[in-house]
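Working notes for the structure below.
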Amino acid sequence: MIVTVTANPSVDRTIELDGTLVRGEVQRAARVRRQPGGKGINVARAVAEAGLDAVALLPARADDPLLTLLDETGLRYRTIPVEAAIRTNLTIAEPDGTTTKLNEPGAELSEGHVARFTDLIADTAADADWVALCGSLPPGVSAEWYGFVVERLHANGKRIAVDTSGAPLSAIVGFGPDLLKPNAFELAELTGGDGAALESAAEAGDLGPAVEASRLLAERTGGAVLTTLGAAGALLTDAAGTWFAQAPAVQVRSTVGAGDSSLAGYLIAGERGASPAEALACAVAYGSAAASLPGTTPPRPSDLNLAGVDVRPLS
Ligand SMILES: Nc1ncnc2c1ncn2[C@@H]1O[C@H](COP(=O)(O)OP(=O)(O)OP(=O)(O)O)[C@@H](O)[C@H]1O
Ligand SMILES: [Mg+2]
């Protein structure tokens, strides 16, 4: 079973435009979608679509509109009760694939909420192979909280994947997560340098800077690092080696949540006993399928082109 943790969930509203977004103008939406959001929820949905056991954990009050959306998906979830409504994150999608995101901070969690949520995670994780800690932390939650969760779960022999950014990302490195899933920008936050430059070098075929930074990070965490590089594909680095994978070009519709799908692909492959190279190939197939789907729609196995993925070890 895979357990995902979303401390700061959202209702994701995607507005698709027929033309380019123009600041300061009134524009009509071509289409509007409302989907359950939050990185852990995205990961759990893709895992469940693959026919594997997944549970999403989140703080939510019983009548929250997000839970109605989750009920429609059939995803299994467990909550701790909170008073405030879950935030809405807005994505504006242009026809050329450009996406602009406006994210609310989320409602504050009290110390009591955090303690109950931590207990819920430890309790649910009893049956888990992997626990994925995903996304930003809401106001009131310390940047070290993911680290405390890792310590508690490691004491019970659980494997933990983390996909976050900013202060919680910097703080988690020293706690030894089993897998970190940075994109180029998050990698650069940790190792220095320029994320955009890392990604554009990789797109131009120069993987050197991204490989060096990923290896540095893997040495620091002692675990595996899955670095996603947008259209360029992804790298997997662990103590045994480094692999690179890329999927055939797709018609991009929305890259929002592509990284969440990559993490889901890695975990799905791991549940089926895949090697690191196979898990990376599956991660890239999922990321690429997600980029070709609208909004944050989680890929289904039938959306994947796993056979088309080129995966190779790097010396
Ligand atoms: N423009 C694109 N074309 C093709 N594939 C893409 C594109 N963008 C992303 N992908 C696929 O999705 C994966 C993850 O993308 P990216 O590195 O942008 O993740 P991310 O920034 O963590 O995304 P998010 O946090 O929004 O989920 C990539 O490794 C790749 O497989
Ligand atoms: Mg990401």
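The values are calculated or read from the model by the stated rules, or taken from the named source; none is laboratory data. Everything numeric in this text was worked out from a predicted model, so none of it was measured. In this analysis, Cβ positions are derived from the backbone assuming ideal geometry, glycine residues included, and neighbour counts consider all displayed protein chains.
Give G287, G270, G295 a once-over and let me know the one that is in contact (Cβ under 8 Å) with a residue 60 or more places away in the chain and assigned to a helix (DSSP H, G or I).
Just a single option satisfies the conditions, and that option is G270.
Being closer than 21 Å to G97 by Cα, under 18 Å from the mean Cα position of the chain (by Cα) and away from ligand 1 (no atom under 11 Å from the Cβ) holds for only one residue in G270, G295, G233, G259, and it is G295.
Mind listing just one residue for me: the one in region 33-71 that is among the charged types (D, E, K, R) and surrounded by 18 or more Cβ atoms within 10 Å (Cβ to Cβ) and, of those, nearest to ligand 2 (Cβ to nearest atom)? My answer is K39. Search region 148-185 for residues being buried (at least 20 other Cβ atoms within 10 Å of the Cβ) and part of a helix (DSSP H, G or I), and hand back the single one that is farthest from ligand 2 (Cβ to nearest atom). Step by step, filter region 148-185, then rank; the result is L153.
Counting only strands (runs of 3 or more DSSP E) wholly contained in region 64-137, the ones carrying 2 or more residues that are at pLDDT below 95 occupy 87-93, 99-103. Of all residues in region 234-249, count the ones that are surrounded by fewer than 17 Cβ atoms within 10 Å (Cβ to Cβ) and assigned to a loop (DSSP other than H, G, I, E, B). Within region 234-249, residues that are surrounded by fewer than 17 Cβ atoms within 10 Å (Cβ to Cβ) and assigned to a loop (DSSP other than H, G, I, E, B) number 4.
Out of curiosity, is S288 over 29 Å from F175 (Cα atoms) and either aromatic (F, W, Y) or modelled with pLDDT under 95 (or both)? Give the steps one after another, and end with the answer.
Numbers: over 29 Å from F175 (Cα atoms): yes; either aromatic (F, W, Y) or modelled with pLDDT under 95 (or both): no.
Criteria not met by S288.
Given T255, T227, which one is within 16 Å of ligand 2 (Cβ to nearest atom), modelled with pLDDT under 95 and not in a helix (DSSP H, G or I)?
After applying the criteria, what remains is T255.
The one condition from (1) touching a helix residue (DSSP H, G or I) at 6+ places or on another chain (Cβ under 6 Å); (2) in a helix (DSSP H, G or I); (3) of a type in the set (G, A, S); (4) closer than 25 Å to G295 by Cα that S200 does not meet is (1).
With respect to R87, is the statement that it is surrounded by 14 or more Cβ atoms within 10 Å (Cβ to Cβ), among the basic types (K, R) and closer than 14 Å to L57 by Cα true? No, not satisfied.
Of all residues in region 170-186, those that are at negative phi have Cβ atoms under 8 Å from Cβ atoms of residues that are more than 16 Å from ligand 1 (Cβ to nearest atom) and assigned to a loop (DSSP other than H, G, I, E, B), 6 or more apart or on another chain, in S170/A143; A171/A143; A171/E144; P177/G223; D178/G223; L179/G223; L180/G223.
Cβ-Cβ contacts under 6 Å between residues 6 or more apart (or on different chains), taken from a first residue in region 88-112 that is more than 20 Å from P9 (Cβ to Cβ) to a second residue that is β-branched (V, I, T) and surrounded by 15 or more Cβ atoms within 10 Å (Cβ to Cβ), are listed as I92/I15; A93/T14; A93/T99; G97/V252; T100/I92. In region 41-52, the residues that are part of a loop (DSSP other than H, G, I, E, B) reach residues that are more than 13 Å from ligand 1 (Cβ to nearest atom) and of a type in the set (D, E) with C-beta atoms within less than 6 angstrom, at least six apart or across chains, in these pairs: L52/E271.
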